[in-house]
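**Student:** Take a look at this one; I'll ask things after.
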Amino acid sequence: DQQVGDILESCGRTVTVTVMPNKIYEHMVKRLSSGLLKNSMDHSVPEV
């Protein structure tokens, strides 16, 4: 997918990719609030 390629090219040297079945992702999006979903999916390392 071109969008994924563009994102990977523009990010730093270290990338964390989470792969999950579409059904699980759709269930999470439907059931969790947007803030909770964002916080649970964001595993970025804070800059010091």
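**Student:** Which of the trypsin sites (Lys or Arg not before Pro) across region 1-40 are loop residues per DSSP, with 13 or fewer other Cβ within 10 Å?
**Tutor:** When the trypsin sites (Lys or Arg not before Pro) of region 1-40 are filtered for loop state and at most 13 Cβ neighbours within 10 Å, R13 remain.
**Student:** Okay, moving on. Quick check on the chain: take the gyration tensor over C-alpha atoms, sort the square-rooted eigenvalues as a ≥ b ≥ c, and tell me if it's rounded (a/c under 1.5), prolate or oblate. Walk me through the intermediate numbers first.
**Tutor:** Numbers: a/c = 2.64, a/b = 1.37, b/c = 1.93.
Since a/c reaches 1.5 but b/c is at least a/b, the shape of the chain is classed as oblate.
Just so you know, all these numbers are worked out from the coordinates, no wet-lab data involved. Just so it is clear, the structure is predicted and the values come from calculations on it, not from any experiment. Cβ atoms come from the backbone with ideal geometry, glycine included; neighbour counts cover every protein chain shown.
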